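Participant: Before we start, here is the structure in question, set down as structure tokens.
The values are calculated or read from the model by the stated rules, or taken from the named source; none is laboratory data. If you're wondering where the values come from, they're calculated on a predicted model, not measured in any experiment. All Cβ positions, glycine included, derive from the backbone under ideal geometry; neighbour counts span all protein chains shown. Remember, those area values only see protein heavy atoms, side chains included, never the ligands or the DNA or RNA. Shrake-Rupley method; radii C 1.70, N 1.55, O 1.52, S 1.80 Å.
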Amino acid sequence: MRMRSAALVLLALLMPAVSGAVMPGEQLADPALEARAREISRDLRCQVCQNQSIDDSNAPLAADLRRLVRERVQRGETNAQVLDHVVARYGDYVRLTPPLRPDTVLLWAAPALILVAGVLGIAIALRRRTTAGAPEAPPLSDEERRALRRLVGGDDGKRAG
Amino acid sequence: MLRRLLFALPLLGFAAVAVWFLHGLGRDPAAIPSALIDKPVPEFRLPPLEGSGKPALAAQDLRGRVALVNFYASWCAPCRIEHPLLMRIAAEKRVALYGIAYKDGMAESRRFLAQLGDPYAAIGWDGDGRVAIDWGVYGVPETFVVDRAGRIRHRHVGPLSDDTMAKVIVPMIARLERE
């Protein structure tokens, strides 16, 4: 019995060292919580490097924020609560996916709007080319028909045989 | 005439975008607006910098007087650049100037102040940088202007210069003192 509890303690002591090989000393023991912490971290911008998430960044502040995220996750907060906690301090800019709000609608809708504008532009241009650009030609007169047949060497032609 | 204008449209569009980008070139990408403007100072109580002879710093100390709160570190090069300016601000006694030692060893921080002078009325020691996160700090130096009600009114990222002091900070202090 004593041996077993001693082995368990030893195992518990070794655990952080093992996971630390991946990300030194930072990972949570519970894989589900760790997965959530990583998911949250991937959405948080490292303010120092700006175009990296805190999950990617080696900046000391990113490490501090990763630790903060893990503490909050461990305390039983939802992903949204943890994100709100950080956004309250660093502003919306800290999120890599900006929130959908009245003042960000244009940001979210811009790709769709540009696509629609492009499709409309092409459609209008194509229509103009087929209708106004190439008017239907009037039918050939008998005179013209005869001249044409002569030119292409039809049986009506007076070629020297 | 209208048709010709239509041909100029892409060119005009390009010109508009070019002007916008040109304007963007002059902007500082590091200057992210603070989320805490006009919000009360976050609740904190920091231990003193032992051996500095200065009192500790807590949120309630930032009430009653317009104050500057300066996050600094001995390992931060720009902090050395702005330090002489902080010494002058302290000598003028115009505002209360408080320091928060960000992620620094006590001994290193003491040595830094012994070398360059200690301009702070009180110093909070934020060894793990947790309080700095509550303030939305992402690098040192950062300086906050706090009004008499204890609200954050302005954040300056990077070393303070005579220019920002004269154009932004000093006029702001004068305005906040009249409030």
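Participant: Residues with amide H under 5 Å of A:Arg95's amide H, sequence separation 5 or more or different chain, H placed in the peptide plane at 1.01 Å from N; which?
Facilitator: Sorted by chain and number, the residues that satisfy this are A:Arg45.
Participant: Now for a different question. Among B:Gly24, A:Pro139, A:Pro102, flag the residue with its Cα farthest along the positive direction of the charge dipole of the protein assembly as shown, charges on Cβ as +1 for Lys/Arg and -1 for Asp/Glu.
Facilitator: A:Pro139
Participant: In debye to the nearest 20, how big a dipole does chain B give about its Cα centre with +1 on each Lys and Arg Cβ and -1 on each Asp and Glu Cβ? The partial results should precede the final answer.
Facilitator: Values: 23 positive and 19 negative charges, 124 e Å.
Dipole about the Cα centre, nearest 20: 600 debye.
Participant: Could you compute how much accessible surface B:Asp61 exposes when probed at 1.4 Å, giving the result in Å² to the nearest 10?
Facilitator: Accessible area, nearest 10 Å²: 70 Å².
Participant: Let me ask another. Grab the alpha carbons of region A:40-142, take their convex hull, and tell me the volume per residue in Å³. Provide the component values of the computation, followed by the final result.
Facilitator: Values: hull volume 16.3 nm³, N = 103.
Convex hull of Cα atoms, per residue: 159 Å³.
Participant: I've got another one for you. Calculate the dipole size of region B:107-162 relative to its Cα centre from +1 charges on Lys and Arg beta carbons and -1 charges on Asp and Glu beta carbons; express the result in debye to the nearest 20.
Facilitator: Using only the charged Cβ atoms, the result is roughly 160 debye.
Participant: Another question, if that's okay. If I stretch the segment between B:Ala107 and B:Asp163 completely, what's the gain in nm (0.36 nm per residue apart, minus their alpha carbon distance), one decimal?
Facilitator: On the way: separation 56, 0.36 × 56 = 20.16 nm, distance 3.24 nm.
So the extension gain works out to 16.9 nm.
Participant: Please provide three numbers in whole Å: the alpha-carbon extents of region B:44-108 along the principal axes, with the largest listed first.
Facilitator: 32, 26, 19
Participant: Which whole-number percent gives the relative contact order of region A:20-94, counting Cα pairs below 8 Å spaced six or more residues apart? Mind dumping the intermediate values first?
Facilitator: Working: 70 pairs, mean separation 20.2, N = 75.
Result for region A:20-94 is 27 percent.
Participant: So what's the angle, to the nearest 10 degrees on a 0 to 90 scale, between helix B:2-25 and the longest Cα principal axis of chain B?
Facilitator: For B:2-25 against chain B, the angle is about 10 degrees.
Participant: What's the center-to-center distance, using Cα atoms, between region A:33-78 and region B:145-174 in Å?
Facilitator: Between the Cα centre of region A:33-78 and that of region B:145-174, the gap is 30 Å.
Participant: Still on this structure, please answer the following. Send over the per residue convex hull volume for region B:30-178, Cα only, as a whole number of Å³. Mind showing how you got there, number by number?
Facilitator: On the way: hull volume 14.9 nm³, N = 149.
Given the Cα convex hull of region B:30-178, per-residue volume reads 100 Å³.
Participant: With each run of n ≥ 4 DSSP H residues scored as -39500 (n - 2.57), what mean residue ellipticity at 222 nm is computed for chain B after dividing by its residue count and rounding to the nearest 500 deg cm²/dmol? Please report the intermediate quantities before stating the final value.
Facilitator: Working: 5 runs with 65 residues, N = 179.
Rounded to the nearest 500, it is -11500 deg cm²/dmol.
Participant: Now for a separate question. Over all residues in A:86-93, what is the mean tally of Cβ atoms on other chains that come within 10 Å of each residue's Cβ?
Facilitator: Numbers: counts 3, 1, 6, 11, 9, 7, 2, 3.
Averaged over the peptide's residues, the number is 5.
Participant: Quick one: the Cα spread of the protein assembly as shown along its three principal axes, in angstroms, biggest first?
Facilitator: The Cα atoms of the protein assembly as shown stretch 122, 72, 35 Å along the principal axes, largest first.
Participant: Would you rank B:Glu177, B:Glu142 by solvent-accessible area, highest first, keeping every protein chain in place and using a 1.4 Å probe? If you can, show how the numbers build up before the last one.
Facilitator: Numbers: B:Glu177 70, B:Glu142 0 Å².
My answer, sorted largest first, is B:Glu177, B:Glu142.
Participant: Sticking with this one: Could you calculate, for region A:20-94, the ratio of the Cα radius of gyration to the Kirkwood radius, expressed as Rg to Rh?
Facilitator: On the way: Rg = 11.4 Å, Rh = 12.2 Å.
Checking Rg against Rh, the ratio lands at 0.94.
Participant: Order the following by accessible area, largest value first: A:Arg4, A:Arg36, A:Arg72. Probe radius 1.4 Å; ligands, DNA and RNA are ignored.
Facilitator: On the way: A:Arg4 170, A:Arg36 70, A:Arg72 45 Å².
Ranked list, largest accessible area first: A:Arg4, A:Arg36, A:Arg72.
Participant: For A:Ala29 and A:Ala110 in one chain, what is 0.36 nm times their gap in residues minus the Cα-Cα distance, to one decimal in nm? All intermediate terms of the calculation are to be shown ahead of the outcome.
Facilitator: Details: separation 81, 0.36 × 81 = 29.16 nm, distance 4.22 nm.
Difference between extended and current length: 24.9 nm.
Participant: Return the sequence-ordered ³J(HN,Hα) values of region B:73-89 in whole Hz as given by the Karplus equation 6.51 cos²θ - 1.76 cosθ + 1.60 applied to θ = phi - 60°, using x for Gly and Pro.
Facilitator: 8, 5, 8, 9, 5, x, 5, 5, 5, 7, 4, x, 5, 4, 4, 5, 4
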